[in-house]
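**Q** My structure is below; once you've seen it, I'll send some questions.
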Amino acid sequence: QVQLVESGGGLVQIGGSLRLSCTASGRTFTKNSMGWFRQAPGKEREFVAAIVWSSGRRIYAYSVKGRFTISRDIAKNTVYLQMNSLKFEDTAVYYCAGSAMYGSDRGRDYDYWGKGAQVTVSS
């Protein structure tokens, strides 16, 4: 089976930085895009960023553009999310996901999901 495992979450102060990692393992799957989504308490899951695996093309949600950077290491089968200038409203569980689509920002286009990493931004 496919496994996506996130790491790097934690507690950070407003204005601080964190880097999330997500490594894919197990059965090979069609990984045309890898994305990050997040879900805050009482809110629906929302798109954060995605990267096309082959070309490196990136797309971002407006709320994180200029603060977050998605990248990938093909050899390590790992996708990263560098989060800078964190705000209180960035507090959420962050999920890594894999899709056969190219550069989608829709959760329903993603077939494989990690279990999530908690990011808490505090004052």
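The values are calculated or read from the model by the stated rules, or taken from the named source; none is laboratory data. Treat the numbers as computed from the prediction; the structure is a model and nothing was measured. Positions of Cβ are generated from backbone atoms using ideal geometry, with glycine treated the same way; all protein chains shown enter the neighbour counts. Ligands, DNA and RNA are stripped out before the accessible areas are found, and what is left, the full protein with its side chains, is counted by its heavy atoms. Shrake-Rupley method; radii C 1.70, N 1.55, O 1.52, S 1.80 Å.
**Q** How big is Rg to Rh over the range 51-123, alpha-carbon atoms, Rh as the Kirkwood inverse-mean-distance radius? Intermediate results must be reported in sequence, preceding the final value.
**A** Numbers: Rg = 12.8 Å, Rh = 13.4 Å.
Across the range 51-123, the Cα-based Rg/Rh ratio is 0.96.
**Q** Still on this structure, please answer the following. Could you grab the relative contact order for the range 18-123? Cα pairs under 8 Å, six or more apart, rounded to a whole percent. All intermediate terms of the calculation are to be shown ahead of the outcome.
**A** On the way: 222 pairs, mean separation 34.1, N = 106.
Relative contact order here is 32 percent.
**Q** Given a 10 angstrom Cα cut-off, can you work out which residue in Val48, Val64, Val79 is the most mobile in a GNM of the chain?
**A** Sorting by GNM fluctuation, first place goes to Val64.
**Q** Return the distance in nm (one decimal) between the two label points of a simple spin-label model at Lys115 and Ala75, each offset 7 Å from Cα along Cα→Cβ.
**A** 3.0
**Q** Can you pull out the trypsin sites (Lys or Arg not before Pro) in the range 59-115 that DSSP calls coil and that have at most 13 other Cβ atoms within 10 Å? Before the final figure, lay out the partial values.
**A** Values: sites: Lys65, Arg67, Arg72, Lys76, Lys87, Arg106, Arg108, Lys115; in loops: Lys65, Arg67, Lys76, Lys87, Arg106, Lys115.
Those that pass, being in a loop and sparsely packed, are Lys65, Lys76, Lys87, Arg106, Lys115.
**Q** For the chain, set up a Gaussian network in which alpha carbons nearer than 10 Å are linked by springs, and say which option among Thr28, Thr69, Thr91 fluctuates the most.
**A** For the chain, modelled as a Gaussian network with Cα springs under 10 Å, the answer is Thr28.
**Q** Now a separate question. Quick one: with all protein chains in place, what share of the accessible area of the chain is carbon or sulfur, to the nearest percent (1.4 Å probe)?
**A** Ligands and nucleic acids excluded, carbon and sulfur reach 47 percent.
**Q** Report the Stokes-Einstein translational diffusion coefficient (µm² s⁻¹, integer) for the chain, Rh taken as the Kirkwood radius over Cα pairs, at 10 °C with viscosity 1.306 mPa s.
**A** Details: Rh = 14.1 Å.
Result for D is 112 µm²/s.
**Q** Right, another one. Leaving out ligands and nucleic acids, note down the accessible area per residue over the range 1-115 with a 1.4 angstrom probe, in whole Å².
**A** Working: 6170 Å² over 115 residues.
Accessible area per residue, the range 1-115: 54 Å².
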